[in-house]
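Step one of this worksheet: look at the structure below.
The values are calculated or read from the model by the stated rules, or taken from the named source; none is laboratory data. No experiment lies behind these values; they were computed from the predicted model shown. Note that we place each Cβ from the backbone using ideal geometry, even for glycine, and neighbour counts take in every protein chain shown.
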Amino acid sequence: METKLLTSDTAGLAAAAALLKEGQVVGMPTETVYGLAANALSTAAVARIFEAKGRPQDNPLIVHIASLEDLPPLCREIPPVCARLAEAFWPGPMTLLFEKSELVPDGVTAGLPTVAVRFPAHPVAQALIRESGLPLAAPSANTSGKPSPTTAGHVLADLNGKIPAVLDGGDCLFGVESTVLMPMGTDRVHILRPGGVTAEQLAALGLTVTVDPGVLIEIKPEEPALSPGMKHKHYAPKTRLILAEGPLEGFYRLLDAHKNESVGALVFDGEEQGLSVPWVSYGAENDPAAQAHRLFDALRALDGLGVDTVYGRMPKKEGLALAVYNRILRAAAFQVVQV
Ligand code: TXA
Ligand code: MG
C-alpha cells in the first residue's frame with residue numbers, strides 16, 4: 001500500500017474523511033501528538049488501528065469528538081466534575097474517562113466498562129471529525145513501543161506502506177500526549193497519565209488531585225493498573241537510554257568515567273558545550289514546554305548517534321515537566337543512576 005501525504009486543505013480533508021467513512025485509518029495531526037484515526041463506532045475500522053500499530057489488544061483507545069454535543073451518545077452519564085473539567089480545558093490536551101454507552105464497541109475500550117474521550121483543539125483534527133461525521137478513535141500514530149510522532153514525517157517513518165494516508169498539520173504544539181483523568185466522586189480527579197493539562201491547573205479549579213503511582217514508578221506485569229497503557233513498553237529508542245539524576249557537574253563526571261565506551265548524551269540546550277561525545281538536546285533546563293515539544297523527536301534522534309548507550313539529563317517533576325519526566329522514564333525503561 002502506498003501511503004499518501006495529504007495537505008490539510010479542503011481537498012486533503014475531503015480525501016481523508018472519505019477514507020475514514022470507508023472504514024480506513026488515517027494519520028491525523030492534533031495539538032498533542034499525531035493520532036492514527038478510524039471510525040470509533042466500527043469494530044472492523046478500529047481493528048485496523050491495532051493491526052497497523054502492532055498494538056496489544058488489551059490497550060484501549062481514546063475517542064475524539066469535535067463538539068460537546070458529540071459526548072452524550074458515547075457515555076451513560078456526564079458527572080458534574082467532568083462537566084466542569086470539560087468547560088475549563090476542552091477543547092485541549094485532556095482526556096476524560098466515562099462509563100461507556102452501548103454505542104461504543106468493546107474493541108475501542110478493550111472490554112473495559114469505561115471509554116476515554118478527548119475534544120482536541122487542533123483545527124485540522126476538528127475539521128476531520130466534522131467532515132467525516134464520526135467520532136474518531138485514535139491512539140498515537142507510532143508503531144507500538146516507539147516514541148510518539150510529533151510530525152507527519154515521524155508517522156511515515158513508522159507506518160509508511162501500512163496505512164493509506166497521513167494528513168500533514170505541521171509540528172504538534174505540545175509534543176506530549178494528553179492528560180488522562182479518572183473522575184472520582186464530586187470534586188476529585190486521579191491523573192492516570194500527565195500531559196498538557198497539569199496537576200497545578202487542575203488544583204486551581206478547586207479539585208483534589210491525586211497522581212497514580214504508575215506515573216512515577218514501574219508497574220509490574222502481575223500488578224493491576226487503572227490504565228492498561230501504563231504497563232506496556234513505551235517510547236523506547238533502539239539505543240539504550242540511562243537517566244542521570246543529580247547536578248550537571250555529576251553528569252559530566254559520569255560521561256567522563258565512560259568516555260572510552262560507546263556513549264552519547266541527551267542534554268538540555270547549552271550543556272553540549274565542551275562535550276566530547278555525540279549528543280542530542282531537548283530544550284532548555286527551565287523550559288518544560290520546549291522539552292515537551294522536542295522530547296519525542298530527540299528520542300528518535302538518539303538512534304542516529306551511532307552509540308550503544310546514551311546518558312540523559314533528568315527533567316523536573318512539576319507542572320508540564322511531570323509529563324516529560326513520565327515519558328523519558330519509560331523511554332529509559334526506568335533505568336536511573338544517581339550522580
Ligand atoms: O494526546 C493524546 O491523548 C493522543 C492524541 C492522538 O489524542 N492519543 C494518545 O493515545 O496518546 P494512546 O492510545 O497512545 O494513549 C491512550 C492512553 C493509553 O495509556 C490507554 O491505556 C489509556 O489512554 N486509556 C484509554 N482508554 C482508557 C480507559 N477506558 N481506561 C483507562 N485508560 C484508558
Ligand atoms: Mg501512545
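Please name all residue pairs, on different chains or six or more residues apart, with Cβ atoms under 8 Å, provided the first residue is in the stretch 129-148 and is of a type in the set (Ser, Thr, Tyr) and the second residue is more than 16 Å from ligand 2 (Cβ to nearest atom).
SER132/ALA16; SER132/ALA17; SER132/LEU20; SER132/LYS21; SER132/ASN39
When you scan the stretch 151-162, do you find a residue that is out of contact with any Gly (no Cβ under 8 Å at 6 or more places or on another chain), among the acidic types (Asp, Glu), closer than 28 Å to ARG330 by Cβ and within 16 Å of ligand 2 (Cβ to nearest atom), even just one?
Yes, because at least one residue in the stretch 151-162 is out of contact with any Gly (no Cβ under 8 Å at 6 or more places or on another chain), among the acidic types (Asp, Glu), closer than 28 Å to ARG330 by Cβ and within 16 Å of ligand 2 (Cβ to nearest atom).
Among (1) under 25 Å from ALA141 (Cβ atoms); (2) aliphatic (A, V, I, L, M); (3) surrounded by fewer than 20 Cβ atoms within 10 Å (Cβ to Cβ), which single condition is LEU275 missing?
Among (1) under 25 Å from ALA141 (Cβ atoms); (2) aliphatic (A, V, I, L, M); (3) surrounded by fewer than 20 Cβ atoms within 10 Å (Cβ to Cβ), the lone unmet condition for LEU275 is (1).
In the stretch 160-218, what count of residues is obtained for those that are assigned to a strand (DSSP E or B), within 23 Å of LEU61 (Cα to Cα) and either under 16 Å from the mean Cα position of the chain (by Cα) or among the hydrophobic types (A, V, I, L, M, F, W, C) (or both)?
13
Please verify whether VAL25 is over 25 Å from GLY196 (Cα atoms) and surrounded by 20 or more Cβ atoms within 10 Å (Cβ to Cβ), treating the condition exactly as stated.
Against the criterion (over 25 Å from GLY196 (Cα atoms) and surrounded by 20 or more Cβ atoms within 10 Å (Cβ to Cβ)), VAL25 qualifies.
So which of LEU192, LEU266 is under 19 Å from ALA321 (Cβ atoms), within 16 Å of ligand 2 (Cβ to nearest atom), touching a Ser or Thr at 6+ places or on another chain (Cβ under 8 Å) and modelled with pLDDT of 95 or more?
Result: LEU192 is the single residue among LEU192, LEU266 that is under 19 Å from ALA321 (Cβ atoms), within 16 Å of ligand 2 (Cβ to nearest atom), touching a Ser or Thr at 6+ places or on another chain (Cβ under 8 Å) and modelled with pLDDT of 95 or more.
Condition test on ALA16, is it touching a residue at least 40 places away in the same chain (Cβ under 8 Å), within 18 Å of VAL117 (Cα to Cα), outside any loop (DSSP other than H, G, I, E, B) and within 16 Å of ligand 1 (Cβ to nearest atom)?
no
Looking only at the stretch 300-321, filter to residues that are within 18 Å of PHE334 (Cβ to Cβ) and of a type in the set (A, V, I, L, M); which one of those is farthest from the chain's Cα centre (by Cα)?
VAL310
Which condition number does SER178 fail, the rest of (1) on the phi > 0 side of the Ramachandran plot; (2) modelled with pLDDT of 95 or more being met?
Single failed check for SER178: (1).
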